[in-house]
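The numbers here are math on the coordinates, done by the rules we state, and not lab data. What you are looking at is a predicted structure, and each value in this text was computed from that prediction instead of being measured. Note that each Cβ is placed from the backbone with ideal geometry, even for glycine, and that neighbours are counted across all protein chains shown.
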Amino acid sequence: MVYRAALKTRAVKTGAVGVLALAFALPAAAAGQYRNEIRNDMSECRAGSGPALLVTVDGVKSSAGTLRVQSYRANAAEWLVKGKWLHRIEVPARAGTMTFCLPMPAPGTYGVAVRHDENGNGKTDISSDGGAMSNNPSLNIFNLGKPSYSKVGVAVGQDVKPIRIHMRYM
């Protein structure tokens, strides 16, 4: 009887430790899903390698500075929220058209934001830098360049989904 009680106490303690470990592991796992800086690996957009977005960016004004492409989940809690981007590709800008492969963690609805930091200072300079988003929503003074997630959301299934984004400059 005493032995059985000791086993029960030990099981409860072990279970509590397991629950505690799980409580700490979940936020760490959730944090790992964000802020993934990746290289532009076009092989991840071959047929059958999805889910992914094959993003063609048209209208890059110059080959100066850097182009940053970031993916987000298209929902109110994550779209354009600082630190909630899933993948980021940052490369030297090349005037004209550039293509990127953004793998997605699972089928779902995602948005893409593109920024051309023309002078490479890491800041958004409205007078020179360019920007764009998936589905090419209109940008104006009233939405301050942050259209709703419902306007930029792109449904991504198990396959690679091609999209075109058109850069805008002031």
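Key figures
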{"item": "Relative contact order of the range 36-166, pairs being alpha-carbon contacts under 8 Å that are 6 or more residues apart, as %", "result": "36"}
{"item": "Antiparallel content of DSSP bridges confined to the range 36-166, in %, to 5", "result": "75"}
{"item": "Filter on K61/K84; K61/K82; K123/K146 - keep pairs with C-alpha separation over 24 Å", "result": "K61/K84; K61/K82"}
{"item": "L102, L86 arranged by Cβ crowding within 10 Å, fewest neighbours leading", "result": "L86, L102"}
{"item": "Loop sites in the range 55-87: trypsin sites (Lys or Arg not before Pro), DSSP, at most 15 other Cβ within 10 Å", "result": "K82"}
{"item": "Mean shadow area of the range 36-166 over all directions, Cα convex hull, nm²", "result": "7.4"}
{"item": "When the range 84-156 is reduced to its Cα atoms, the Kirkwood hydrodynamic radius in Å", "result": "13.9"}
